[in-house]
There are 4 protein chains.
Amino acid sequence: MTKPIIGVMGPGDGASQKDIDNAYELGKLIAEQNWILLTGGRNLGVMEAASKGAKHSGGLTVGILPSENKDGMSEFVDIPICTGLGSARNNINILTSDVIIACGTGAGTTSEVMLALKSDKLVLLLNPSENLVNLLDELPYPKPNLTSSPQNALDLIRQTM
Amino acid sequence: MTKPIIGVMGPGDGASQKDIDNAYELGKLIAEQNWILLTGGRNLGVMEAASKGAKHSGGLTVGILPSENKDGMSEFVDIPICTGLGSARNNINILTSDVIIACGTGAGTTSEVMLALKSDKLVLLLNPSENLVNLLDELPYPKPNLTSSPQNALDLIRQTM
Amino acid sequence: MTKPIIGVMGPGDGASQKDIDNAYELGKLIAEQNWILLTGGRNLGVMEAASKGAKHSGGLTVGILPSENKDGMSEFVDIPICTGLGSARNNINILTSDVIIACGTGAGTTSEVMLALKSDKLVLLLNPSENLVNLLDELPYPKPNLTSSPQNALDLIRQTM
Amino acid sequence: MTKPIIGVMGPGDGASQKDIDNAYELGKLIAEQNWILLTGGRNLGVMEAASKGAKHSGGLTVGILPSENKDGMSEFVDIPICTGLGSARNNINILTSDVIIACGTGAGTTSEVMLALKSDKLVLLLNPSENLVNLLDELPYPKPNLTSSPQNALDLIRQTM
């Protein structure tokens, strides 16, 4: 049995302080469960903060990088996967994660949430824009799972296991 | 100089009749300009209708298939590109198109619009959901280009060339 | 029914004059059959020469580019597919081609021949290195099809259709 | 600083007993160095044996799967990366590994060695077919590094670090 891999997706450059704080906390909580954290691996925004939080709690972090090498990688990534695929790597983020948490809203994050809808995986939203929630509500997929805090997201994941 | 490649993206299974009619008309108008039509290549919804419209006007059609072979391909695709990438092929749709027209709204279509934001390409929306428009409005990218009809979309493309 | 897509694979920078001459001739012959030529799309070696030959005979040429845009593209490519996948795009070359002709021997070409073995497609070798032939001979796949000239390769393809 | 990731590539179905024994030993030795083992992740041949050897010595194993899910995964993989890319994932194996060891010879393995030539990475061959060595000798890249045993391969890697 492999350990659960929890993907935390969120904005890079455009992340808000709230999203960064949430991501750090998510990383910590995921590590405390002894689960594996997966992010897009870059040294920016939600990816950086979640990886940092996980490492500060002794967790294991995987980064699915868009680039062919480790340039721009977060120093808190233990296992950098150099895909060389650019944004096509977003689909690997989704396929590899057992659960996806969208932490904030951005263009890349939204593309990942959309790809995740097509899987049967648990997708959680933390601090999403209202417009994203409304859009998800109208698409022919199960309703999005809104969470109120990192701890609430973790509790929901534990309930499904 | 290669001919312009116009990508028409839209729902497969869940396409509305309006989106299908628009897609057919877009295919026709693109072919009449002697431009190349690009779609996701499947025999469903907007992909099928746009390809059909283009072929009925003697156009050339490219289909970027998610599969390793031609199973499920639209019969109106001249050049099937078998990527074997699943949904990761969405990024090729965007990178290869000179202009992207989102015809309707769906999960895959939204993922493509989000990927397109990161390019500097012209992205046009035809009959989008209001929630998609609102979401795009709040993202830190140029405002989405709303079009009122297939003909209006074509006119806008011609103005930018 | 789509037209047959014939993939001509071969060295870029390191192509010999013989391989370049063969590629040009292959492109011409493929175009004369009204088949579609597929290459890796770059303005180098076998890719450039085959595309040039096909265009000089009025053919249609597809280029599966490793890059995200058209930089470095052969001017003789009609339909550039910008994959942004780097060398991972080699697999698309194989999956999309109905028949593969390896024109000369190089690292990339060899990787493509190896991927082609796993398909059930006709793979032809034109002017391969003896060491490549010996290696192919020992692998648990159908024997490689050696051809003596571009015309001979075309004749073999026609016989299988 | 991330730990070194050592990619062990080799045949699946067609692996010889010698290749399987070597792969198991390589996995063990890599784990004993506290390095990370990377394979193609499947429950077959060299991939399975190397992962098993690493786990028996308490190592960490990454598997870059061709599939969209964990079907056919080796039970000795700690971190399955579900790429959904088919054989296009071979390029991720190479880009992600800091050092590549080809353990035996097969079609997929050869494709990976060829892709690795284009990187500046250390590529080691263990029990290669003579025809593969001859082919590599003639290509315009640094000469292949032949190793005589798993221990010898490990010693060579340590010398380069």
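Looking at the structure I just gave you, is A:Gly27 at pLDDT 95 or above, touching an Asp or Glu at 6+ places or on another chain (Cβ under 7 Å), surrounded by 24 or more Cβ atoms within 10 Å (Cβ to Cβ) and part of a helix (DSSP H, G or I)?
Against the criterion (at pLDDT 95 or above, touching an Asp or Glu at 6+ places or on another chain (Cβ under 7 Å), surrounded by 24 or more Cβ atoms within 10 Å (Cβ to Cβ) and part of a helix (DSSP H, G or I)), A:Gly27 does not qualify.
Limited to segment A:117-131, what total is found for residues that are within 16 Å of B:Ser87 (Cα to Cα) and assigned to a helix (DSSP H, G or I)?
The total comes to 1.
Would you tally the residues in segment B:96-122 being touching an Asp or Glu at 6+ places or on another chain (Cβ under 9 Å) and under 18 Å from A:Ser119 (Cα atoms)?
Adding up the residues that qualify gives 2.
What is the residue count in segment B:16-39 for residues that are under 16 Å from B:Gly63 (Cβ atoms) and either of a type in the set (Asp, Glu) or more than 12 Å from the chain's Cα centre (by Cα) (or both)?
2
Quick one: would you say A:Ile6 is in contact with an Asp or Glu (Cβ under 8 Å, 6 or more places away or on another chain), open to solvent by less than 10 Å² (accessible area, probe 1.4 Å) and touching a residue at least 60 places away in the same chain (Cβ under 8 Å)?
yes
Can you go through B:Met114, B:Met47 and tell me which one is open to solvent by less than 10 Å² (accessible area, probe 1.4 Å), part of a helix (DSSP H, G or I) and more than 19 Å from B:Arg158 (Cα to Cα)?
Sole residue among the options that is open to solvent by less than 10 Å² (accessible area, probe 1.4 Å), part of a helix (DSSP H, G or I) and more than 19 Å from B:Arg158 (Cα to Cα): B:Met114.
Restricting attention to segment C:123-145, does a residue exist that is under 20 Å from C:Lys3 (Cβ atoms) and under 17 Å from the mean Cα position of the chain (by Cα)?
Checked against the condition, which is being under 20 Å from C:Lys3 (Cβ atoms) and under 17 Å from the mean Cα position of the chain (by Cα), segment C:123-145 yields at least one hit.
Rundown of residues vs (1) of a type in the set (Ser, Thr, Tyr); (2) at the interface with another protein chain (Cβ under 8 Å from one of its Cβ atoms), yes/no style:
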residue: A:Gly63; (1), (2): no, no
residue: A:Asn69; (1), (2): no, yes
residue: A:Gly108; (1), (2): no, yes
residue: A:Asn131; (1), (2): no, yes
residue: A:Tyr141; (1), (2): yes, yes
residue: A:Ser149; (1), (2): yes, no
residue: A:Leu154; (1), (2): no, no
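Evaluate segment C:99-109: report whether one residue or more is of a type in the set (A, V, I, L, M), touching a residue at least 24 places away in the same chain (Cβ under 8 Å) and out of contact with any helix residue (DSSP H, G or I) (no Cβ under 7 Å at 6 or more places or on another chain).
no
Restricting attention to segment B:71-92, and to residues there that are more than 24 Å from D:Ser87 (Cβ to Cβ) and charged (D, E, K, R), which single residue is farthest from the other protein chains (Cβ to nearest Cβ)?
Per the criteria, the residue is B:Glu75.
Has segment B:132-144 got at least one residue that is assigned to a loop (DSSP other than H, G, I, E, B), farther than 23 Å from B:Gly12 by Cα and touching a Leu at 6+ places or on another chain (Cβ under 6 Å)?
yes
Given the criterion among the hydroxyl-bearing types (Ser, Thr, Tyr) and closer than 22 Å to D:Ser51 by Cβ, identify the matching residue among D:Thr160, D:Thr110.
None of the others qualify; the one that does is D:Thr110.
Does segment A:146-158 hold any residues that are surrounded by fewer than 18 Cβ atoms within 10 Å (Cβ to Cβ) and part of a strand (DSSP E or B), and which are they?
The answer is A:Leu146, and nothing else.
Do you know which residues across segment B:1-21 are in a loop (DSSP other than H, G, I, E, B), in contact with a strand residue (DSSP E or B) (Cβ under 8 Å, 6 or more places away or on another chain) and either within 14 Å of chain A (Cβ to nearest Cβ) or hydrophobic (A, V, I, L, M, F, W, C) (or both)?
The answer is B:Gly10, B:Gly12.
Is it the case that A:Leu117 is touching a Phe, Trp or Tyr at 6+ places or on another chain (Cβ under 8 Å) and within 14 Å of chain B (Cβ to nearest Cβ)?
yes
So that you can scan it fast, the table gives a plain yes or no per residue for (1) among the β-branched types (Val, Ile, Thr); (2) part of a loop (DSSP other than H, G, I, E, B); (3) at pLDDT 95 or above; (4) open to solvent by 40 Å² or more (accessible area, probe 1.4 Å):
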position: B:Gly63; (1), (2), (3), (4): no, no, yes, no
position: B:Asp71; (1), (2), (3), (4): no, yes, yes, yes
position: B:Ile81; (1), (2), (3), (4): yes, no, yes, no
position: B:Gly84; (1), (2), (3), (4): no, yes, yes, no
position: B:Ala88; (1), (2), (3), (4): no, no, yes, no
position: B:Ile92; (1), (2), (3), (4): yes, no, yes, no
position: B:Leu95; (1), (2), (3), (4): no, no, yes, no
position: B:Ile101; (1), (2), (3), (4): yes, no, yes, no
position: B:Thr109; (1), (2), (3), (4): yes, no, yes, no
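Please go through segment C:30-44 and give me each residue that is open to solvent by less than 30 Å² (accessible area, probe 1.4 Å) and either part of a loop (DSSP other than H, G, I, E, B) or of a type in the set (Lys, Arg) (or both), ordered by number.
Selection gives C:Trp35, C:Gly40, C:Gly41.
Name the single residue that is farthest from D:Asn69 (Cα to Cα) among those in segment A:125-141 being surrounded by fewer than 24 Cβ atoms within 10 Å (Cβ to Cβ) and of a type in the set (A, V, I, L, M).
Applying the filter and picking the extreme gives A:Val133.
For segment B:70-96, what are the residues that are under 28 Å from A:Thr110 (Cα atoms) and aliphatic (A, V, I, L, M)?
B:Met73, B:Ile81, B:Leu85, B:Ala88, B:Ile92, B:Ile94, B:Leu95
Among residues belonging to segment A:51-60 that are surrounded by fewer than 23 Cβ atoms within 10 Å (Cβ to Cβ) and touching an Asp or Glu at 6+ places or on another chain (Cβ under 7 Å), point out the one that is nearest to D:Cys82 (Cα to Cα).
A:Leu60
Provide a single number: the residues in segment C:37-50 that are closer than 29 Å to A:Ser87 by Cα and touching a strand residue (DSSP E or B) at 6+ places or on another chain (Cβ under 8 Å).
Selection size over segment C:37-50: 9.
When segment B:120-129 is examined, which residues are found to be at pLDDT 95 or above and within 12 Å of another protein chain (Cβ to nearest Cβ)?
B:Val123, B:Pro128, B:Ser129
Write out, first by first residue and then by second, each pair whose Cβ atoms fall under 7 Å of each other, whose residues are 6+ apart or on separate chains, and whose first residue, in segment B:19-36, is among the hydroxyl-bearing types (Ser, Thr, Tyr) while the second is surrounded by fewer than 22 Cβ atoms within 10 Å (Cβ to Cβ).
Sorted first by the residue in segment B:19-36, then by its partner, the pairs are B:Tyr24/B:Lys52.
The values are calculated or read from the model by the stated rules, or taken from the named source; none is laboratory data. Since we're looking at a predicted model, the values are computed, not measured. Cβ atoms come from the backbone with ideal geometry, glycine included; neighbour counts cover every protein chain shown. Accessible surface is based on the protein model in full, side chains and every heavy atom, while ligands, DNA and RNA are left aside. Shrake-Rupley method; radii C 1.70, N 1.55, O 1.52, S 1.80 Å.
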